[in-house]
Amino acid sequence: MFTVTEYFVSINGEGMRAGEPSVFIRFRGCNLCCSYCDTRWSCTDSAPARLMSSDDLVDMVIKTGITNVTLTGGEPLLQKELYVLTDMLLKCGRRVEIETNGSLPLDVLASRQYRPAFTMDYKLPSSGMEDKMCLKNFELLKQRDTVKFVAGSREDLERARTIIRQYDLTKRCHVLVSPVFGEIDPKEIVKFLIDNKLNDVRLQLQLHKYIWEPNTRGV
């Protein structure tokens with residue numbers, strides 16, 4: 001059984017399928033506490049949630065008629081036997097993306113025959129969580145996966161540049177840099193990417209925060 005705080009259909013606000021319709025399944029609980037977290041309400045053990053089986057969730061997804069499925073949180077990798085759900089969704093023709101915070105090993109899901117795509121954060125200094133990152137995950141990433149850096153300062157951008165180059169990330173997977181909403185001007189990120197010749201690194205804005213009021217749920 002899975003602890004689900006909400007599920008809804010919207011567009012992907014970020015990631016490599018930004019702008020495309022997707023079914024979102026948000027799970028309860030997170031092992032990190034980032035300074036800028038915008039889903040903190042879903043991260044505690046006391047957050048309201050429904051217990052749902054993999055059959056329940058797959059049936060719900062199929063009824064929407066939407067192909068993309070985004071598993072998010074909180075931290076979805078905390079859900080026991082998440083691979084059961086991802087296997088079932090992939091077997092019925094869905095494209096499954098897991099949004100994960102970068103602190104938990106990807107090896108179980110990354111080694112499966114039915115492998116989901118990962119959008120994995122690397123937490124920069126302003127998050128307060130950089131020391132929790134699982135660096136071995138970089139070795140498991142493939143071309144359809146994504147590493148996302150959420151930057152709130154110049155220091156964050158400089159650290160992102162170091163990690164991108166140290167692990168040769170643009171050769172492994174997609175790389176996105178996203179601003180902490182309201183903390184850094186996206187124009188500063190654009191200038192940084194150009195000045196540092198960060199080819200194949202993409203600025204990512206959270207579309208849902210521009211379409212709807214930034215704190216709106218279920219979108």
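Values in this text are rule-based calculations from the coordinates and carry no lab data. From a predicted model like this one, the values you see are computed outputs, not experimental measurements. Every residue, glycine as well, gets a Cβ built from its backbone with ideal geometry; the counts of neighbours run over all protein chains shown.
Observations
- Residue-averaged [θ]222 nm for the chain, counting only DSSP H segments that reach four residues, each worth -39500 (n - 2.57): -7000 deg cm²/dmol
- Degrees, to the nearest 10: 186-195 long Cα axis against longest axis of the chain: 60
- Angle of helix 154-166 to the longest C-alpha principal axis of the chain, folded into 0 to 90 degrees and rounded to 10: 80°.
- log10 of Debye I(q)/I(0), alpha-carbon scatterers only, for segment 29-99 at 0.14, 0.24, 0.26 Å⁻¹: -0.48, -1.14, -1.23
- Mean Cα-pair separation over length for the chain, i.e. relative contact order, pairs under 8 Å, 6 or more apart, %: 19
- Spatially proximal aspartates and glutamates relative to residue 123 (Cα-Cα < 18 Å; intrachain offsets below 8 disregarded): 14, 38, 75, 99, 131, 139, 145, 155, 156, 158, 168, 183
- If you take the alpha carbon atoms of segment 1-144 and fit the smallest convex hull around them, that volume is 107 Å³ per residue.
- Residues in segment 54-84 reached by a label modelled at residue 31 [backbone nitrogen below 18 Å; 7 Å Cα→Cβ]: 72-84
- Of all DSSP beta bridges confined to the chain, the antiparallel ones make up roughly 30%.
- If you run the Gaussian network model on the chain, springs between alpha carbon atoms under 10 Å, then out of 101, 68, 199 the most flexible one is 199.
- Between segment 81-119 and segment 121-159, the Cα center-to-center distance that results, in Å: 19
- Extent of segment 1-62 along its three principal axes (Cα atoms, max minus min coordinate, largest first): 32, 28, 14 Å.
- In the chain, the sites counted are trypsin sites (Lys or Arg not before Pro) in DSSP loop states with at most 10 other Cβ atoms within 10 Å, and the longest stretch holding none of them, exclusive of the sites, is 81-196.
- The chain: angle of helix 82-91 to the longest principal axis, Cα-based, in degrees nearest 10: 80
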